[in-house]
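To keep things clear, I will list the structure first and then write my remarks on it.
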Amino acid sequence: MSSTSAAGSEELTQEELLQHYRVMRTIREFEERVHREFATGDIPGFVHLYAGEEAIAAGVCACLREDDYITSTHRGHGHAIAKGCDVIGMMAEIFGRRTGLSKGKGGSMHIADFGLGMLGANGIVAGGSPLICGVGLSAKIRGTDQVGVTFAGDGASNQGMFLESLNLASIWNANCIFVVENNGYAEATASTYHQGGIDVAKRADGFGMPGVVVDGSDFFAVHEAAGEAISRARAGGGPTLLECKTVRFFGHFEGDAQTYRGENEVENARVQRDPLTRFEEQASAAGLVSEEALRAIDDEVAALIDEAVEQARAAPEPQAADLLTDVYINY
Amino acid sequence: MQPLTVGVIANPASGRDIRRLVTGGSVFDNAEKASMVFRLLVGLGAAGVERVLMMPAADGLGAGVARRYRNRGQVLSGSRCPELQILDWVPTGTEEDTLRAVGAMCDAGVAAIAVLGGDGTHRLVARECGNVPLCALSTGTNNTFPEMREATVAGLAMGLLATERVDPSDTTVVRERSLGVSVTGSERADLALVDVAAVASHFVGARALWKPDDVSELVVAFANPSAVGLSAVAGQLEPTRRGDEGVYVRFAPLEEAAIVVDVPLAPGFVTRMGIREHRRLSLGDVVVLSPGAGTIALDGERTFGRSLDDRVSVRLASGPLRIDVDAVMAAAGRQRALPTYLPSTLMKELI
């Protein structure tokens with residue numbers, strides 16, 4: 001599930017296309033399964049599902065190297081999968097089991113794998129934004145061309161931390177990309193109510209960095225724009241704000257009755273703005289992938305997620321003594 | 001009797017594409033678009049238009065206009081403002097919104113349609129508007145078809161024509177050219193207002209066309225030497241007037257080119273392009289693009305893919321009607337359409 005291409009704007013090979021589809025299909029299958037498993041009552045805590053937004057995580061992370069970094073959000077499963085996190089360990093974490101990526105002590109909103117550059121989902125809205133400035137500063141001090149990408153929602157883009165981070169990244173000319181996943185709602189509040197100016201990308205102008213809007217349901221649009229932004233940052237061109245207009249297929253959290261959404265809004269989005277369908281249509285029309293290859297990936301991914309759930313359910317829970325471990329680290 | 005009505009299409013998605021990243025284009029915010037629509041409405045009302053139909057927008061542009069209209073109407077209480085009616089359906093955030101809105105406006109018998117967007121938005125409107133004249137206002141990046149203009153004046157001009165205080169003529173309402181695009185063996189039929197380009201890229205991706213090496217052939221409806229974008233290439237080789245001749249250009253790698261030309265392909269981005277051949281096109285001429293896999297760009301945006309087997313034809317055809325705001329306002333001055341002479345002034349004139 002690791003990243004496959006260091007430059008987003010180049011023509012993609014068949015192997016790369018299939019890998020990107022596999023990432024998106026894994027996210028979708030993972031989230032649909034968590035949706036069903038959560039309804040059984042066996043998953044502790046909250047989960048916020050990423051289905052519908054797959055093209056963003058996959059499109060951005062496809063342009064990153066393994067030694068690049070991301071910071072994520074409360075809706076972080078997709079980012080973690082796209083950055084290469086082990087889905088067996090992720091599922092175990094969500095079930096609160098000792099074999100989870102955070103030893104079952106963090107749950108959905110604290111999935112991380114520092115070795116892969118996944119610096120963590122984050123329960124604090126916009127909490128990942130200042131962290132990525134640290135990544136950018138670190139790369140600058142160490143003289144590397146590593147890039148940091150932070151994901152944030154449209155609600156997070158109203159937070160002071162987010163705006164302060166844009167400023168920090170700008171004055172440091174840091175290798176930071178701010179990806180705003182604008183799904184039209186901050187929890188249950190529509191962006192038309194909470195967001196002055198409508199377009200988050202416009203806010204980049206105030207901090208002297210480029211701001212771009214792309215269709216977040218189109219993998220190729222995200223991939224092209226993210227690739228250019230990341231290449232630009234790596235070459236010393238500084239930060240970018242990339243706003244991806246998207247749709248979430250589930251509620252803000254599992255259990256959200258979504259009374260604030262329009263009639264058939266989600267159903268229409270599933271028909272018209274499904275990132276996987278759009279990817280398949282375009283890649284097939286270009287004659288670059290076969291349906292057989294895509295269906296084979298579907299089967300493999302379904303088996304992987306089955307295995308992840310089976311292993312998670314069988315795994316032990318953390319013990320009381322585990323509460324005292326992993327709290328402090330000596331550097 | 002039906003109130004005198006015009007339509008407004010404001011594209012919430014124009015002006016924010018990838019060229020902000022790879023070139024020097026700036027962001028055109030929806031708040032400014034809402035402000036433009038408001039100023040347009042003030043001009044329309046002053047000229048006597050009674051009702052405006054507006055496309056609903058997924059990104060809240062329509063709500064922004066309505067809020068501004070509601071709040072500012074109190075400040076501008078002396079202004080005559082038309083009734084604002086935002087078409088009543090939930091927008092999809094896709095091109096379908098524009099096409100559906102133009103259809104609804106035409107069905108409602110609008111006198112004209114104001115379009116706020118880039119070349120791409122105008123292209124969509126032109127597909128559906130028939131002989132309803134357009135007032136073409138730029139809010140995009142590489143705009144060649146619409147113009148940058150104060151919306152208040154554009155509203156006045158539209159209103160003067162709609163109320164027939166200025167007579168429509170072939171100078172105030174001009175017939176543009178278009179490029180009809182068809183693919184052999186396919187039902188696809190589309191049009192462009194400025195240019196059609198053959199592009200090597202397999203995917204429409206971020207849509208905006210900004211890589212010169214990707215373009216192999218170009219057909220323009222008019223060749224504007226002062227444009228930004230592909231039309232400028234043809235404009236430097238074979239400049240033509242709007243509504244007259246088109247131009248065909250075949251590109252070549254720089255080392256094989258017969259001519260090289262430096263062109264502003266996007267704001268803040270001047271690049272060198274190699275030319276193998278070019279020629280003028282007359283109304284009705286058809287160009288069959290060379291076979292090749294990739295995408296076809298219409299008015300600067302990659303729009304659809306094509307395979308090696310597809311034969312893409314481009315025909316220089318008659319296009320939509322466009323309101324020439326300068327010509328309308330000049331005619332208004334000559335015809336004294338806007339001034340109202342008070343009795344005392346009239347007496348002085350008579351004396």
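Checking the range A:271-290 against the condition returns a match, with at least one residue being under 23 Å from the mean Cα position of the chain (by Cα), within 16 Å of B:Val90 (Cα to Cα) and without any contact (Cβ under 8 Å) to a residue 60 or more places away in the chain. Among the numbered conditions (1) among the hydroxyl-bearing types (Ser, Thr, Tyr); (2) open to solvent by less than 40 Å² (accessible area, probe 1.4 Å); (3) more than 19 Å from B:Val314 (Cβ to Cβ), the only one that B:Ser226 does not meet is (2).
Evaluate the range B:40-51: report whether one residue or more is within 21 Å of B:Arg123 (Cβ to Cβ), within 14 Å of chain A (Cβ to nearest Cβ) and under 22 Å from the mean Cα position of the chain (by Cα). The answer is no, given that none of the residues of the range B:40-51 is within 21 Å of B:Arg123 (Cβ to Cβ), within 14 Å of chain A (Cβ to nearest Cβ) and under 22 Å from the mean Cα position of the chain (by Cα). Screening A:Thr240 on (1) at pLDDT below 95; (2) over 18 Å from B:Val204 (Cα atoms) shows it passes everything except condition (1). Among the candidates B:Gly274, B:Gly243, B:Gly292, B:Gly235, the residue that is over 14 Å from B:Arg177 (Cβ atoms), modelled with pLDDT under 95 and small (Gly, Ala, Ser) is uniquely B:Gly292.
Yes or no, residue by residue, for (1) in contact with a strand residue (DSSP E or B) (Cβ under 8 Å, 6 or more places away or on another chain); (2) more than 14 Å from chain A (Cβ to nearest Cβ); (3) closer than 21 Å to B:Ile296 by Cβ:
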site: B:Val219; (1), (2), (3): yes, yes, yes
site: B:Leu230; (1), (2), (3): yes, yes, yes
site: B:Arg241; (1), (2), (3): no, yes, no
site: B:Leu283; (1), (2), (3): yes, yes, no
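When A:Ser138, A:Ser165, A:Ser157 are checked against the criterion of being in contact with a helix residue (DSSP H, G or I) (Cβ under 9 Å, 6 or more places away or on another chain), without any contact (Cβ under 8 Å) to a residue 40 or more places away in the chain and in a helix (DSSP H, G or I), A:Ser165 stands alone in meeting it. Filtered by the rule that a residue be of a type outside the set (D, E, K, R), more than 22 Å from the chain's Cα centre (by Cα) and not in a loop (DSSP other than H, G, I, E, B), the range B:202-224 gives B:Pro212, B:Val215, B:Ser216.
When the residues of the range B:173-216 are narrowed to those that are surrounded by fewer than 21 Cβ atoms within 10 Å (Cβ to Cβ) and among the charged types (D, E, K, R), which ends up farthest from the other protein chains (Cβ to nearest Cβ)? Ranking the qualifying residues of the range B:173-216, first place goes to B:Arg175.
The single condition among (1) at pLDDT below 90; (2) touching a Lys or Arg at 6+ places or on another chain (Cβ under 6 Å); (3) acidic (Asp, Glu) that B:Glu349 does not meet is (2). In the range B:30-49, the residues that are farther than 19 Å from B:Ser138 by Cβ and open to solvent by 10 Å² or more (accessible area, probe 1.4 Å) reach residues that are of a type in the set (Lys, Arg) and modelled with pLDDT of 90 or more with C-beta atoms within less than 9 angstrom, at least six apart or across chains, in these pairs: B:Gly48/B:Arg165.
Of all residues in the range A:253-292, those satisfying the criterion of being touching a Gly at 6+ places or on another chain (Cβ under 8 Å) and open to solvent by less than 70 Å² (accessible area, probe 1.4 Å) are A:Gln258, A:Ala269, A:Arg273, A:Asp274, A:Pro275, A:Gln282, A:Ala286. Put simply, of A:Arg261, A:Arg273, A:Arg295, A:Arg278 the only residue that is out of contact with any Phe, Trp or Tyr (no Cβ under 6 Å at 6 or more places or on another chain) and more than 11 Å from every other protein chain (Cβ to nearest Cβ) is A:Arg295.
Taking the range A:21-65 as the range and being charged (D, E, K, R), out of contact with any strand residue (DSSP E or B) (no Cβ under 7 Å at 6 or more places or on another chain) and more than 21 Å from A:Glu291 (Cα to Cα) as the test, the residues that pass are A:Glu31, A:Glu32, A:Arg33, A:Arg36, A:Glu37, A:Asp42, A:Arg65. Only a single item in (1) open to solvent by 10 Å² or more (accessible area, probe 1.4 Å); (2) touching a strand residue (DSSP E or B) at 6+ places or on another chain (Cβ under 6 Å); (3) of a type outside the set (A, V, I, L, M) is not met by A:Asp113, and it is number (2).
Do the conditions hold for B:Ala297, that is, is it in a helix (DSSP H, G or I), buried (at least 21 other Cβ atoms within 10 Å of the Cβ) and either in contact (Cβ under 8 Å) with a residue 60 or more places away in the chain or more than 14 Å from every other protein chain (Cβ to nearest Cβ) (or both)? No. When the range B:13-29 is filtered for residues that are open to solvent by 20 Å² or more (accessible area, probe 1.4 Å) and within 25 Å of B:Glu128 (Cβ to Cβ), the ones remaining, listed by number, are B:Ala13, B:Asp17, B:Phe28. Just one of the listed residues (B:Glu164, B:Glu147) is surrounded by fewer than 24 Cβ atoms within 10 Å (Cβ to Cβ) and either within 14 Å of chain A (Cβ to nearest Cβ) or under 17 Å from the mean Cα position of the chain (by Cα) (or both), namely B:Glu147. The residues of the range B:326-337 that are surrounded by fewer than 23 Cβ atoms within 10 Å (Cβ to Cβ) and not acidic (Asp, Glu), listed by number, are B:Ala327, B:Met329, B:Ala330, B:Ala331, B:Ala332, B:Gly333, B:Arg334, B:Gln335, B:Arg336, B:Ala337. Looking only at residues of the range A:298-317 that are open to solvent by less than 40 Å² (accessible area, probe 1.4 Å) and in contact with a Lys or Arg (Cβ under 7 Å, 6 or more places away or on another chain), we find that the one that is farthest from A:Met91 (Cα to Cα) is A:Asp298.
The strands (runs of 3 or more DSSP E) falling completely within the range A:173-246 that include 1 or more residues that are more than 10 Å from every other protein chain (Cβ to nearest Cβ) and over 24 Å from A:Gln282 (Cβ atoms) map to A:176-182. Residues in the range B:261-274 that are away from every other protein chain (no Cβ under 14 Å), surrounded by fewer than 20 Cβ atoms within 10 Å (Cβ to Cβ) and either in contact (Cβ under 8 Å) with a residue 24 or more places away in the chain or in contact with a His (Cβ under 6 Å, 6 or more places away or on another chain) (or both): B:Val261, B:Pro264, B:Thr271, B:Arg272. Of everything listed in (1) of a type in the set (Ser, Thr, Tyr); (2) modelled with pLDDT of 95 or more; (3) surrounded by fewer than 23 Cβ atoms within 10 Å (Cβ to Cβ), the single unmet condition for A:Thr150 is (3). Is it the case that some residue within the range A:152-164 is under 29 Å from A:Arg22 (Cβ atoms) and touching a Gly at 6+ places or on another chain (Cβ under 6 Å)? Looking through the range A:152-164, none of the residues is under 29 Å from A:Arg22 (Cβ atoms) and touching a Gly at 6+ places or on another chain (Cβ under 6 Å).
Of all residues in the range B:57-96, which are under 25 Å from A:Asn182 (Cα atoms), modelled with pLDDT of 85 or more and part of a loop (DSSP other than H, G, I, E, B)? B:Leu87, B:Asp88 - these are the residues of the range B:57-96 that are under 25 Å from A:Asn182 (Cα atoms), modelled with pLDDT of 85 or more and part of a loop (DSSP other than H, G, I, E, B).
Every listed requirement among (1) free of Cβ contacts under 8 Å to residues at least 24 places away in the same chain; (2) closer than 17 Å to A:Ile27 by Cα; (3) surrounded by 12 or more Cβ atoms within 10 Å (Cβ to Cβ) is met by A:Arg295 save one, (3).
The values are calculated or read from the model by the stated rules, or taken from the named source; none is laboratory data. What you see is a predicted model; the values in this text were computed from it and never measured. Cβ atoms come from the backbone with ideal geometry, glycine included; neighbour counts cover every protein chain shown. Note: areas computed on protein heavy atoms with side chains; ligands, DNA, RNA excluded. Shrake-Rupley method; radii C 1.70, N 1.55, O 1.52, S 1.80 Å.
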